[in-house]
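See structure below.
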């Protein structure tokens, strides 16, 4: 979150934030450059409802225009916002979103946030399978290179696993290779002769 003010926001881009992010002054900057944001609203949010839509699509419980009533919030973000309440059938729970986009269909607002979950799952997968615990650089190029290298490594291991017919998971293979980096044993022999127990 500390790095958010340093992001060079782009016009017409979409920025999706979790409920933990409620820097309305920064959200106002996004509004000023004509970009779109979608953020989960905190339950404690104080607001006044200005108008609302009566005909709502399935799973949209509310679609209204609001403004802040707390001085600091209204000072940081002096314009009105759109508040969308969405019911997720899969999770059996409601989600409340705030956005500065009054044109998008309400379901699309919810779908934009759902796409954020997929990104989170992707990074979770990266950490678990590609051993990316942290990024070595902070620039976009540095992050891209590290992710590309990790994915290429993973793909090469999958190819080797299929060709050599290694009866271990990709995770286990990566573990064994990780502790055998200085070993000059042939890859096939490494796994044929490996006495390493199943990795937990």
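Values in this text are rule-based calculations from the coordinates and carry no lab data. Treat the numbers as computed from the prediction; the structure is a model and nothing was measured. Cβ placement follows ideal geometry from the backbone for every residue including glycine, while neighbour counts extend to all protein chains displayed.
A few comments on the model shown:
- In the stretch 4-129, Cα pairs under 8 Å separated by at least six residues give a relative contact order of 22 percent.
- The stretch 140-192: C-alpha gyration tensor shape, a/c 1.5 cut-off, then a/b vs b/c: prolate
- Sorted fewest first by neighbouring Cβ atoms within 10 angstrom, 169, 80 come out as 169, 80.
- Residue-averaged 222 nm ellipticity for the chain, from DSSP H runs of 4+ at -39500 (n - 2.57), nearest 500: -12500 deg cm²/dmol
- Footprinting exposure proxy for 138, 65 (fewest neighbouring C-beta atoms within 10 Å first): 138, 65
- Put a dot 7 Å past the Cα of residue 117, heading toward its Cβ, do the same for residue 53, and the two dots end up 2.1 nm apart.
- Anisotropy class of the stretch 60-131 from Cα gyration tensor, a/c 1.5 cut: prolate
- Cα gyration tensor shape for the chain, rounded if a/c is under 1.5, else prolate or oblate: prolate
- C-alpha long axis of helix 106-129 to longest principal axis of the chain, angle in °: 20 degrees
- Sorted by Cβ density within 10 Å, fewest first, the residues 144, 55: 55, 144
- For the stretch 115-159, the C-alpha radius of gyration sits at 1.17 times the compact-globule guess of 2.2 N^0.38 Å, with N the residue count.
- The GNM of the chain, with springs linking C-alpha atoms under 10 angstrom apart, assigns the highest mean-square fluctuation among 22, 141, 101 to 141.
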